[in-house]
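Please read the structure below before turning to the comments.
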Amino acid sequence: MTETTLHAPLAPISPWTRVVMVDADAIGDVAADVVAMIAPDGVLGVATGSSPLALYAALIRRRAEGLATEGLRLFALDEYVGLDASDPRSYAAYVRSVIARPLGIPAENVRVPRGSTGADGAAYERAIAAEGGVDVQIVGIGRNGHIGFNEPGSDAETRTRVVELDESTRRANAEHFDGDLSRVPTHAMTQGVATILSARRIVLVASGAAKAAALRAALTGPITPDNPASFLQRHPDVTVVADPDALREHR
Ligand code: F6R
């Protein structure tokens with residue numbers, strides 16, 4: 001049984017945001033409880049990166065125990081511009097190998113933003129709408145408060161589009177490009193803040209002290225494009241699952 005500690009929210013966090021503080025090794029299971037509610041055929045918005053890895057591992061364990069995941073429909077948050085879906089460093093490759101394949105989800109149920117034009121972004125928005133919208137959206141948070149690749153400066157109205165990545169974001173992701181910043185793509189296609197907020201439920205996962213300042217600003221600071229994650233305060237159903245290090249500025 002997973003032990004969870006409910007963290008008392010600080011004003012002015014929205015009353016409908018749940019913040020669940022758990023040990024780092026329980027984050028995956030607690031977050032998976034929310035995702036499991038939309039099995040067997042819900043629409044799941046998936047983040048890539050390291051934060052949700054434990055959540056995907058927990059879902060894979062649950063599938064082995066009988067949870068039907070094969071009918072889930074996946075929409076990724078973002079993708080680098082200029083990396084082909086066959087490139088192992090692409091988010092398309094991550095979604096295939098870390099999420100879809102182990103959960104038995106067929107390729108036709110998996111969408112990842114692709115392209116570099118406004119029309120490509122609009123097509124992605126239509127694809128989400130055609131599936132009835134996202135039931136549960138998983139997000140991580142960048143050290144600068146980004147969600148998806150909505151870097152500081154992204155406002156509440158943004159939709160799927162091409163963005164320029166902050167240098168800090170490219171540095172944080174350089175480890176996947178042999179540590180060579182010059183190889184990290186400069187642009188990405190990302191769901192916008194408005195796209196993310198139109199999901200019916202959002203689960204934010206965060207661990208580690210490096211996320212503490214951004215998470216505190218997101219949850220208790222002003223709602224501002226300076227910290228795009230702060231727009232989550234406007235959403236009626238957000239669950240934050242984070243470890244004590246990520247929440248250390250709340251205590
Ligand atoms: C990934 C994404 C990003 C990451 C964020 C945190 O699809 O949209 O917002 O969630 O950069 O990355 P990690 O989890 O690797 O620290």
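The values are calculated or read from the model by the stated rules, or taken from the named source; none is laboratory data. What you are looking at is a predicted structure, and each value in this text was computed from that prediction instead of being measured. All Cβ positions, glycine included, derive from the backbone under ideal geometry; neighbour counts span all protein chains shown. Keep in mind that these areas ignore ligands, DNA and RNA; they rest on the heavy atoms of the full protein, side chains included. Shrake-Rupley method; radii C 1.70, N 1.55, O 1.52, S 1.80 Å.
Just one of (1) surrounded by 15 or more Cβ atoms within 10 Å (Cβ to Cβ); (2) modelled with pLDDT under 95; (3) in a loop (DSSP other than H, G, I, E, B) fails for Val19. It is (3). Number of residues in segment 38-88 that are within 17 Å of Arg111 (Cβ to Cβ), away from the ligand (no atom under 16 Å from the Cβ) and of a type in the set (D, E, K, R): the value is 4.
Here the condition is being open to solvent by 50 Å² or more (accessible area, probe 1.4 Å) and farther than 20 Å from Gly133 by Cβ; of Ser230, Ser198, Ser207, it holds for Ser207 alone. Taken over segment 129-157, the criterion of being outside any loop (DSSP other than H, G, I, E, B) and within 9 Å of the ligand (Cβ to nearest atom) is satisfied by Ile138, Val139, Ile147, Asn150. Of all residue pairs spaced 6 or more apart or on separate chains, those with beta-carbon atoms under 8 Å, a first member in segment 84-108 that is surrounded by 20 or more Cβ atoms within 10 Å (Cβ to Cβ) and a second member that is among the aromatic types (Phe, Trp, Tyr) and not in a helix (DSSP H, G or I) are Ser90/Tyr80; Tyr91/Tyr80.
Taking the conditions (1) in contact (Cβ under 8 Å) with a residue 12 or more places away in the chain; (2) within 14 Å of the ligand (Cβ to nearest atom); (3) not β-branched (Val, Ile, Thr) in turn, Arg200 satisfies each one other than (2). Figure legend. Inter-residue proximity from segment 164-177: first residues closer than 23 Å to Thr117 by Cβ and hydrophobic (A, V, I, L, M, F, W, C), second residues modelled with pLDDT of 95 or more and within 11 Å of the ligand (Cβ to nearest atom), beta-carbon distance below 6 Å, spacing 6+ or different chains. Indicated pairs: Leu165/Ala188. Within segment 109-121, track down each residue that is in a helix (DSSP H, G or I), open to solvent by 40 Å² or more (accessible area, probe 1.4 Å) and in contact with a strand residue (DSSP E or B) (Cβ under 9 Å, 6 or more places away or on another chain). Once the filter is applied, which keeps residues that are in a helix (DSSP H, G or I), open to solvent by 40 Å² or more (accessible area, probe 1.4 Å) and in contact with a strand residue (DSSP E or B) (Cβ under 9 Å, 6 or more places away or on another chain), segment 109-121 yields Gly118, Asp120. In segment 135-158, the residues that are free of Cβ contacts under 8 Å to residues at least 60 places away in the same chain form Cβ pairs under 7 Å with partners that are more than 9 Å from the ligand (Cβ to nearest atom) and assigned to a loop (DSSP other than H, G, I, E, B), at six or more places apart or across chains, as follows: Thr158/Gly192.
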